Amino acid sequence: MNDLRFDGQVVIVTGAGRGLGRAYAGLLARRGAAVLVNDTGVGDAGEDLAQSRRPADDCVAEIRDAGGTASASYESVAHEAGANAIVAQALREFCRVDALINNAGIGMDRPFAQTSPDDFRRVMDVHFMGTALMCRAVWDPMCAAGYGRIVNTTSSAVFGYLNCAAYSAAKGAILAFTRSLSLEAAAVNIGVNCISPAAATRMTAGVGMDPAQRSWMEHALPPASVAPLVAYLAHETCALRGEILSASGGSVRRYLFGETAGFRTAALTAELVAQNLSNIVDANSFRAFASTNEAVARAQELDQDPSG
Ligand code: NAI
């Protein structure tokens, strides 16, 4: 198989100054892409006090030193003006946008009782609004070009993670956004998919791990081990649409969405729910769906099944 190259293509990577985004930007640049390296350089929970141009500048210097093409952007993805400015810069400097990697993020590990309304807004603004606003900003240029690739970022926190309700909710919003947007995007040749990464970064350093776990993670789960999946999803040959793939330490897996066959009756009562709980939750009858329409079609199919 030929190498998957990005020569002549332009990719925007948000939050590319550190951690995972930096590894994505480096790999894409080594494969020929001109990369717009966006990073506001905030603290790990989004504190503005720590704002700095350094992370984006360092990443750009690293790419240029290796012979690649990159430019720095310091705008925040969390505001409409910032998202529009990031895309406008890519168009101004590189004349096109072929792929967008929505990676910028902040941590928010705290018990619900200590999560303020502002914490919820901040984490939703960076993760979900940042993703939606960036997609909105590239949408018209990608539609006009008749081509685009978008890679969003969710987290295994969507499965349920203790002391992480706000962050999980924001990542869940991205997941659902990806699934629905991909249906519209496919019609205009824009591939939208999502990754759920795991890697040792500043963000995971803040999660209470013992020193042995931390050192294992640093050794076994480097950010560079996630980057190849992002490169594949951003490539023109990628035919996947609306998929959520997880990646860590060289392994790639797929999230599935669906329902069990469950239990049905013409006259449901609370008692029948209680009596048939084992059928309702039985994972053996699980079936995955690509869309809500497929879920409705299966419900109709089960309803018309005379054996049921
Ligand atoms: P990181 O903290 O090392 O890097 C995130 C970067 O995003 C930082 O450089 C930060 O300055 C930048 N950023 C934050 N707010 C921004 C904004 N409004 N506009 C532009 N840039 C902004 O974190 P890491 O681990 O590399 O995370 C990258 C993405 O992967 C995040 O979306 C995170 O939620 C997600 N993720 C990471 C996991 C991991 O194991 N590291 C696990 C699951 C998800």
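Data overview
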| item | result |
| --- | --- |
| Per residue, in Å², the accessible surface of the stretch 94-195 once ligands and nucleic acids are set aside, probe 1.4 Å | 40 Å² |
| Cα gyration tensor shape of the stretch 258-303, rounded if a/c is under 1.5, else prolate or oblate by comparing a/b with b/c | oblate |
| Phi-based couplings in Hz for the stretch 235-250 (Karplus 6.51, -1.76, 1.60; Gly and Pro marked x) | 7, 5, 7, 6, 9, 5, 9, x, 8, 10, 10, 9, 8, 6, x, x |
| Surface share of carbon and sulfur [accessible, 1.4 angstrom probe, percent] for the chain | 54 percent |
| For the stretch 1-82, alpha-carbon Rg relative to the globular expectation (2.2 N^0.38 Å, N residues) | 1.11 |
| The chain - mean residue ellipticity at 222 nm from DSSP helices (-39,500 (n - 2.57) per run, n ≥ 4, rounded to 500) | -12500 deg cm²/dmol |
| Cα gyration tensor category, rounded, prolate or oblate, for the stretch 204-308 with a/c compared to 1.5 | oblate |
| The stretch 10-254 - share of DSSP beta bridges that are antiparallel (%, nearest 5) | 15 percent |
| Highest average packing first - 116-127, 162-173, 270-281, Cβ atoms within 10 Å | 162-173, 116-127, 270-281 |
| Alpha carbon convex hull of the stretch 1-152, volume per residue in cubic angstrom | 115 Å³ |
| Long-range amide H partners of G191 with built H, under 5 Å | G148, R149, I150 |
| Of the DSSP H helices in the chain, those whose Cα atoms cover at least 24 Å axially and whose Kyte score averages 1.6 or more | none |
| Chain lengthening between D303 and T269 when straightened (0.36 nm per residue, less Cα-Cα) | 10.5 nm |
| Residues whose placed amide H lies under 5 Å from that of G15, excluding near-sequence neighbours | N38, D39, T40, A104 |
| Normalised alpha carbon radius of gyration of the stretch 147-263 [divisor 2.2 N^0.38 Å] | 1.16 |
| Amide H contacts of R241 (H built 1.01 Å from N, under 5 Å, at least 5 apart or other chain) | none |
| Extent along principal axes [Cα atoms of the chain; Å; largest to smallest] | 68, 46, 38 |
| For the stretch 271-286, Karplus couplings with θ = phi - 60° (6.51, -1.76, 1.60), whole Hz, Gly/Pro x | 5, 5, 4, 4, 5, 10, 4, 5, 5, 4, 9, 5, 5, 5, 9, 5 |
| Spin-label zone in the stretch 158-174 - amide nitrogen under 20 Å from a point set 7 Å from the Cα of D210 along the C-beta vector | 162 |
| Using a Förster distance of 25 Å, the FRET efficiency for L183-C95 (Cβ separation, nearest 0.05) | 0.30 |
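The values are calculated or read from the model by the stated rules, or taken from the named source; none is laboratory data. These numbers come from a predicted model, not from an experiment. Using ideal geometry, Cβ is built from the backbone for each residue, glycine included, and neighbour counts are taken over all protein chains shown. Only protein heavy atoms, including side chains, enter the accessible area calculation; ligands, DNA and RNA are left aside. Shrake-Rupley method; radii C 1.70, N 1.55, O 1.52, S 1.80 Å.
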